[in-house]
Amino acid sequence: MADSQGAGISYAHPGLYEVQNSALTSVEGLGDVSQIRPVLKGMVCRSCQRISIPVQTYGCEGCGEVGKGLQPKDLEPMGELLSYALVSKHHDKSITAPFTMAEIRLKEGPVIRAALEKDSYDSLDVGTWMEGIFIKHEVAAGNDNQDKTTQLELRFRPGSKADA
Amino acid sequence: MPKALKDFRNVYVVGIGFHPYQFFSATPYLTLGLTAVRQALGDAGIKWPSVESVYHGTAMLGMAPTRGMLKHLGATGIPMTQVENASASGSTAFRQSVLEVAGGFSDVSLCLGVDKPALVNMPGSQNFGIRPLDAGRIAPITHFALLAQNYMEKYGVDPEDFGRVAVKNSRNGALNPNAQKQRALNLETVLEGEPLSGVLTKRQCCPIGEGGAAVIVASEEGIRKHGIDMSRAIKVLSSTLTSEEVYENATDFDAELTRHTTELALAQAGVSAKELDVVELHDAFSVEELFYLEAMGIAQPGEASHMLKEGIFDIGGEVAVSPSGGLLSMGHPIGPTGVGQIAEITRQLRYEAGDRQQPNAKLGLAHMVGLGAVCSVHVLSKET
């Protein structure tokens with residue numbers, strides 16, 4: 001798992017998502033982080049209007065636009081479940097299985113593939129509305145005192161479209 | 001307007017050779033490659049000095065593996081090039097040999113594929129510059145497990161329908177002495193295998209291994225000049241290579257890429273999908289065979305599993321699909337894979353495939369998808 005301290009809040013996958021409320025600068029000591037609203041760090045191309053994720057500066061896959069034509073765009077981590085798979089075994093030993101991966105069409109269009117909140121589900125229905133939430137991990141703080149720090153990871157779970 | 005292969009000199013496959021595909025071993029890659037090349041030279045009935053250029057499909061051997069291997073045939077000073085295009089490395093190397101001969105730069109060109117398993121940097125790794133949201137959790141198998149779940153929902157098929165692909169291809173592989181897996185499996189064995197991702201069990205995934213495959217192509221001048229037996233020459237009708245575009249269905253890009261590339265290849269060859277007698281395709285995972293047969297137009301959407309069940313894709317059926325055993329049983333040593341497909345199609349079109357022979361085979365197609373993604377399709381024909 002990647003490790004980043006960021007600007008006060010540590011994320012498992014820095015640059016891909018963050019808390020929606022920029023006033024929140026620390027999650028240390030918080031019990032339930034699933035109530036913190038996340039945003040996905042996407043981008044929009046001003047030339048062809050293509051919305052994509054993750055944010056990057058190398059160029060638009062749709063039209064090749066680069067530079068100021070590519071604008072960062074926060075995307076709501078909500079959308080329709082298109083498919084899912086329970087991964088029982090992974091070739092990379094640093095990735096612990098089992099876990100469940102989902103394919104989700106975000107309400108703003110892009111299709112993403114991301115991990116679900118629980119490792120496995122008794123049943124999942126394609127078409128279910130999904131929402132992104134944070135789960136937390138306690139990871140080494142990186143100092144000499146063997147301190148722990150809270151790291152946020154974005155996962156998805158079945159939600160309610162009414163909350164969208 | 002870009003030209004097609006038919007606008008240039010005719011190109012023929014005149015020699016094929018293998019080192020059997022196998023699980024990782026202490027066998028040096030020199031042995032894998034030289035065995036395949038010597039067999040191909042013998043099959044063509046020519047000596048090494050007749051070869052004027054080499055393209056070597058490899059993704060796992062690292063920098064400059066070719067000359068150090070082929071110098072043991074006698075150093076003749078000919079151009080040698082490594083070609084890396086992920087799973088399509090061998091297919092792309094074959095295309096380079098074909099273009100070399102078609103363009104008149106060589107009369108005889110060797111295409112070979114040799115690889116041994118190794119750890120390689122993949123797109124999405126630290127050096128790539130962009131980190132994906134899945135954080136490495138989506139291995140290729142899970143990409144196809146997600147597509148498989150989607151396909152099941154869309155067409156009402158069940159895991160057994162995917163498992164039957166592995167059953168058929170294991171039956172074919174059991175007849176192929178060059179196949180990495182030579183044991184016929186029943187459906188129960190396939191489905192009860194270790195679950196890896198989604199509906200995919202271990203028996204529905206191609207093995208990782210090593211091997212060698214070689215193909216010699218020649219122009220009509222080359223065939224005449226070296227006294228090659230024209231009656232065993234197989235004509236390359238078309239050679240296409242494309243890369244992924246932006247599709248409406250963003251995650252099903254392999255099938256979209258296959259659809260587009262196959263359309264191009266068939267059009268350039270002047271034939272239709274319904275005329276194909278033999279197909280070797282990229283069945284790294286069982287589900288891919290159904291996806292690609294539909295993308296190629298051999299089956300209508302949602303119909304491939306029913307046709308499979310009816311035996312239409314068996315040897316002796318309307319079109320033999322992966323008579324070599326496919327990637328699932330023949331194996332997928334990366335560099336050799338696409339070259340081996342051409343060799344199998346050639347064997348079939350020469351009527352030299354023995355127990356695996358598709359009756360009356362006249363037209364064959366070879367298809368590989370490479371991570372990235374790229375797609376290569378070749379159409380070959382037995383001229384009468």
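Bear in mind these aren't lab numbers, they're just calculated from the coordinates by the rules spelled out. In this text the structure is predicted, and so the values were computed from the model without any measurement. As a convention, Cβ positions derive from the backbone with ideal geometry for all residues, glycine included, and neighbour counts pool all protein chains shown.
Under a Cβ-Cβ limit of 4.7 Å, which cysteines in chain A have nobody to pair with?
none
Assigning unit charges at the beta carbon (Lys, Arg +1; Asp, Glu -1) and nothing else, what dipole magnitude in debye, to the nearest 20, does the protein assembly as shown show about its Cα centre?
Here the protein assembly as shown has a charge dipole of around 1480 debye.
Please work out the FRET efficiency for the pair B:Ala118 and A:Ile95, using the Cβ-Cβ distance as r and a Förster radius of 22 Å; give the result to the nearest 0.05.
The value I calculate is 0.60.
Relative to the longest principal Cα axis of chain B, at what angle does helix B:286-295 sit, 0 to 90 degrees, rounded to 10?
Taking Cα atoms only, the helix is inclined about 80 degrees.
Can you tell me the dipole magnitude for segment B:243-346 around its Cα centre, using point charges on the Cβ only (Lys, Arg +1; Asp, Glu -1), in Debye to the nearest 20?
Dipole size: approximately 240 debye.
For B:Asn249 and B:Lys202, calculate 0.36 nm times their separation in residues minus their Cα-Cα distance, and state this gained length in nm to one decimal.
14.2 nm
So which residue, out of B:Ser50, B:Ser170, B:Ser305, gets the largest mean-square fluctuation from a GNM of chain B using Cα contacts under 10 Å as springs?
B:Ser50
Determine ³J(HN,Hα), in whole Hz, for all residues of segment B:334-347 in sequence, where each value follows from phi through the Karplus function 6.51 cos²θ - 1.76 cosθ + 1.60 and θ = phi - 60°; x replaces Gly and Pro.
6, x, x, 4, x, 5, x, 4, 4, 5, 5, 4, 4, 4
Extension gain B:Lys6-B:Glu263, at 0.36 nm per residue separation less the Cα-Cα distance, in nm?
Stretched out fully, the B:Lys6 to B:Glu263 stretch lengthens by 91.0 nm.
Once the Cβ-Cβ distance between B:Met230 and B:Gln182 is put in as r, and R0 is 45 Å, what FRET efficiency do you end up with, to the nearest 0.05?
For R0 = 45 Å, the calculated efficiency reads 0.85.
Between B:Leu328, B:Leu147, B:Leu133, whose Cα lies farthest towards the positive end of the dipole of chain B when Lys and Arg beta carbons carry +1 and Asp and Glu beta carbons carry -1, centred on the Cα centre?
Final value for the positive-end residue is B:Leu328.
At a Förster radius of 45 Å, what calculated FRET efficiency corresponds to the Cβ-Cβ distance of A:Ser123 and B:Trp48, to the nearest 0.05?
0.15
List B:Thr66, B:Thr92, A:Thr96 from most exposed to least, where exposure is judged by having the fewest other Cβ atoms within 10 Å.
With the sparsest Cβ surroundings first, the list reads A:Thr96, B:Thr66, B:Thr92.
Just check segment A:1-148 against the gyration tensor rule for me: Cα atoms, a ≥ b ≥ c as the square roots of the eigenvalues, rounded for a/c under 1.5, and otherwise prolate or oblate depending on whether a/b exceeds b/c.
It comes out oblate by the Cα gyration axes.
Within 10 Å of each candidate Cβ there may be at most 13 other Cβ atoms; applying that plus a DSSP loop requirement, which GluC sites (Glu not before Pro) in segment B:275-328 survive?
B:Glu310
Nearest 20 debye, what's the magnitude of the dipole of chain B about its Cα centre given +1 on Lys and Arg Cβ and -1 on Asp and Glu Cβ?
About 1300 debye.
For segment B:42-151, state which trypsin sites (Lys or Arg not before Pro) are in a DSSP loop and have at most 13 other beta carbons lying within 10 Å of their beta carbon.
B:Lys47
DSSP loop (so not H, G, I, E, B), at most 16 other Cβ within 10 Å: list which GluC sites (Glu not before Pro) in segment A:58-147 pass both filters.
A:Glu61, A:Glu65, A:Glu108
Per DSSP helix of 4 or more residues, -39500 (n - 2.57); summed, then divided by the residues of chain B. What does that give at 222 nm, rounded to the nearest 500?
It comes out at -10000 deg cm²/dmol, rounded to the nearest 500.
Please rank A:Leu16, A:Leu70, fewest neighbouring Cβ atoms within 10 Å first, as an exposure proxy.
If I rank by nearby Cβ atoms, fewest first, I get A:Leu70, A:Leu16.
Could you tell me how far the Cα centroid of segment A:51-89 sits from the Cα centroid of segment A:123-153, in Å?
21
Counting other beta carbons within 10 Å of each Cβ, put B:His56, B:His19 in order, fewest first.
B:His19, B:His56
With springs only between Cα atoms under 10 Å, which of B:Met230, B:Met63, B:Met152 fluctuates most in a Gaussian network model of chain B?
Of the options given, B:Met63 has the highest mean-square fluctuation.
Of B:Ala267, B:Ala179, B:Ala26, which has the largest mean-square fluctuation in a 10 Å C-alpha GNM of chain B?
It is B:Ala26.
Using alpha-carbon positions, what is the distance between the centroids of segment B:1-35 and segment B:62-107, in Å?
Here the answer is 9 Å between Cα centres.
Given a cut-off of under 8 Å on Cα pairs at least six residues apart, what relative contact order in percent is computed for chain A?
This gives 20 percent for chain A.
Can you give the relative contact order of chain B as a percent, counting alpha carbon pairs under 8 Å and 6+ residues apart?
Over chain B, the number comes to 26 percent.
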